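Bear in mind these aren't lab numbers, they're just calculated from the coordinates by the rules spelled out. Source: prediction; values computed, not measured. All Cβ positions, glycine included, derive from the backbone under ideal geometry; neighbour counts span all protein chains shown.
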Amino acid sequence: METLAAATPRADLIRSRFPDSITTVTEDSAEVRIDAIPSAVYDLCLFLRDEMGFDYPSDFCAQDTGEQFVTRYRLYSMDERILATVRVELPRENASLRSVTSIWPGMNWHERETFDLFGIRFPGHPNMDDPAQMRILLPEDWEGHPFRKDYEPVFSGDPTHGPQETN
């Protein structure tokens with residue numbers, strides 16, 4: 001269900017270009033907030049960069065609510081000095097988003113970190129075919145994704161590797 005907000009040129013343009021892919025779009029003087037479906041993210045990001053001037057990908061993060069994942073792309077327009085936040089909800093099972101590294105090469109590490117910590121897959125990412133190469137923070141042989149709510153650590157007993165039991 002789309003949230004209605006005061007008509008603004010940016011929000012109206014986004015709504016008109018992605019009528020079936022955007023669930024909410026609002027805007028104020030500092031930020032455009034967009035809720036999108038997963039299948040629309042790549043095309044939406046390309047549009048935001050090429051046609052709306054959001055040329056700087058400042059952040060990408062994920063959250064595990066216990067029922068689903070919520071991801072957020074934070075994009076900045078250097079010319080207009082405004083932020084765009086693209087929020088996407090993903091199912092916990094087989095969560096994936098098409099990689100945006102071909103749009104912004106700097107998102108490479110953000111996607112790798114999100115895979116490493118949450119297990120969200122990024123089809124099209126240059127390292128996605130080799131999960132060990134997708135790891136960026138944890139050792140290649142680490143089991144699981146520690147920021148997931150359902151993560152159960154495997155205590156290795158080796159103080160140089162893996163989670164450690166504490167008192």
- What percent of all Cα-Cα pairs in segment 25-167 falls in each 10 Å bin, counting up from 0? 11, 39, 30, 14, 5, 0
- Item | Those GluC sites (Glu not before Pro) in segment 47-118 that DSSP places in a loop and that have at most 14 other beta carbons within 10 Å | GLU51, GLU67, GLU80, GLU93
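Just to be sure I follow the definition: excluding the sites themselves, where is the longest run in the chain that has none of the trypsin sites (Lys or Arg not before Pro) in a DSSP loop with at most 12 other Cβ atoms within 10 Å?
Here the longest run is 1-80.
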- Item | Residue with peak Gaussian network fluctuation, the chain [Cα springs, cutoff 10 Å], from SER96, SER77, SER156 | SER156
- Query: Can you list the residues, at least 5 places off or on another chain, whose amide H is less than 5 Å from the amide H of ALA84, using H built in the peptide plane?
  - Reply: VAL32, LEU75, TYR76, SER77
- Pull up all non-local amide H partners of ARG135: gap of 5 or more, or a different chain, and H-to-H distance under 5 Å with H placed in the peptide plane. none
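Among ASP55, ASP28, ASP158, rank each residue by its count of other Cβ atoms within 10 Å, from fewest to most, as a rough exposure measure.
Details: ASP55 15, ASP28 11, ASP158 8.
Result, fewest neighbours first: ASP158, ASP28, ASP55.
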- Message: Skipping prolines and chain starts, which residues have an amide H placed within reach, meaning under 5 Å, of the one on THR23, given they are 5 or more residues away or on another chain?
- Response: ASP35, ALA36, ILE37
- Message: For the chain, what does the helix formula give at 222 nm: sum of -39500 (n - 2.57) over DSSP H segments with n ≥ 4, over the residue count, nearest 500 deg cm²/dmol?
- Response: -6000 deg cm²/dmol
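How big is the charge dipole of the chain about its Cα centre, in debye rounded to the nearest 20, if each Lys and Arg gets +1 on its Cβ and each Asp and Glu gets -1 on its Cβ?
Numbers: 16 positive and 30 negative charges, 77 e Å.
Taking the Cα centre of the chain as origin, the dipole is about 380 debye.
So what is the relative contact order for segment 9-134, in percent, with contacts set as C-alpha pairs under 8 Å and at least six apart? Don't jump to the answer; show the numbers that get you there.
Working: 217 pairs, mean separation 25.5, N = 126.
Contact order relative to length: 20 percent.
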